[in-house]
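Each reported figure results from applying straightforward, stated rules to the coordinates on display, with no laboratory input. Everything numeric in this text was worked out from a predicted model, so none of it was measured. Quick reminder, even Gly has a Cβ in these numbers, built from the backbone with ideal geometry, and neighbours come from all protein chains shown.
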Amino acid sequence: MLSIDNTYNADELCAFDKRVEKALGQKGYDYVVELKIDGLAVNLRYENGLLVSAATRGNGSVGEDVTANAKTIKSIPLRLLGENLPEIFEVRGEIYMPVKVFSQLNQIREKDGKPKFANPRNAAAGSLKLLDARETAKRKLSFFAYGVGENSSLATDSHYESLQRLKSFSLPVNPHTTNAANIDEVISICMGWEQRRAGLDYEIDGMVIKVNSLAQHDILGATGRAPRWCISYKFPAEQCETVVENIAIQVGKTGALTPVAELAAVQLAGTTVRRASLHNFEELDRLGVCVGDTVVIEKAGEIIPQVVK
Ligand code: IVH
C-alpha cells in the first residue's frame, strides 16, 4: 500500500495538475475529490464474497493482522452482496472513530483514571489493536472504503465507477465524494470543505484528489512512495481563541516538568479543549503567556492542542 504526496495550497494543487497534464500529454482527464478521513488505512480481503483478512497499512509492505477486530465493525460487511463478485477482491479504506464516540470514550477513561486518547485517530488505532475483539466491538469504530486493491475481475474504467461498484457490494463509500472536471473545480471543492469540515461527525485532515481514468493511472504510474495520479490537500491546522485560567506544571514519567495551560473550555476541530501544551519553560517565556491572557491555540494532526500565540 503506497502513501500519498501532500499539497498545502492552491498553487501546489495547480502544480500537481500541470504534472498530470504533461505526463498525459493532453487535457482530456477529470478528477475524483474525496474527503481525507483521519483514521487508519486498512486492506480488507474478500474471497468468494467472504471477508478473510483485514490488515493495517503498517510500513506499506507488512501490516498487522487485525481480522478478528475488524470483523466487529458494523460498517465492514462480513459478506459482500450483489452480482458478479470477483473471486478475489481487496478493498482499501479507512477505519475511524466518530467524534461523538471519541468524546464519550475519553469521558469514561477520565472517570476510570485511565490516560485519555489525544485524538480520534489514536483512539481508533488503539481500539483496533486491542487483544480482545469484544472490547474493540464496544469502541464503535466505523469504516469508509476508498479504493480497490488486488482483484481478479473488477473491470471498471474509472475510479468513480469502482466506487459505485464498491457501494453495490454493500461497502460504505463516503457520500461526499465528487467528480471534478478540472483543477479549478477541485480547488473550490477543497476550499468549501475546509470551511465545512467541523459539521462532519468524523475528523478529516484534508482532501484526496485522484485522476479518474484507470487507464491514465497506468500511464502516470508511481514513484517509490506514492502514485502520480493522486495527491492530498492538507488543511491548515484549525485555530481558535480562548482564555488561560491557570498554568499548571505536569510531571512526566521521567520526572520532566512541562507547563500546561488550563483553558476556558472551547470547541476545536471536533473536540472540547481544556488544556494546551506549552512544551517547556523557554517556550512559556517566549510566548509570555500569563493567567488571564487570551491565547490562540491550534491542533495540528495528532498533536495535543498547543498555544501558538
Ligand atoms: S487513497 C495510493 N483516499 O490518507 C493512495 N487515502 O496520507 C492510497 N486516507 O494512507 C490512499 N482518506 O490512510 C486515500 N479518500 C482517501 C483517504 C485516504 C484517508 C488516508 C490513507 C492514506 C493516508 C495518506
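Sorted on the mean count of surrounding Cβ atoms within 10 Å across their residues, most packed first, peptides 27-40, 222-235 read 27-40, 222-235. Counted by Cβ distance under 15 Å from Glu110, the other residues give a net charge of +4, where Lys and Arg count +1 and Asp and Glu count -1. Pairs to check: Lys114/Lys210; Lys74/Lys299; Lys18/Lys74; Lys74/Lys116. Give those whose C-alpha atoms are more than 32 Å from each other in this structure. The answer is Lys114/Lys210; Lys18/Lys74. Between the listed residues Gly49, Asn246, Val307, the Cα displaced farthest toward the positive end of the dipole of the chain, a dipole computed from Cβ unit charges relative to the Cα centre, is found at Gly49.
Extension gain, Asn59-Thr294: 0.36 nm per intervening residue step, less the Cα-Cα distance, totals 80.4 nm. Rounding to the nearest 10 and keeping the result within 0 to 90°, find how far the Cα-based axis of helix 183-196 lies from the longest principal axis of the chain. So the inclination is approximately 40 degrees.
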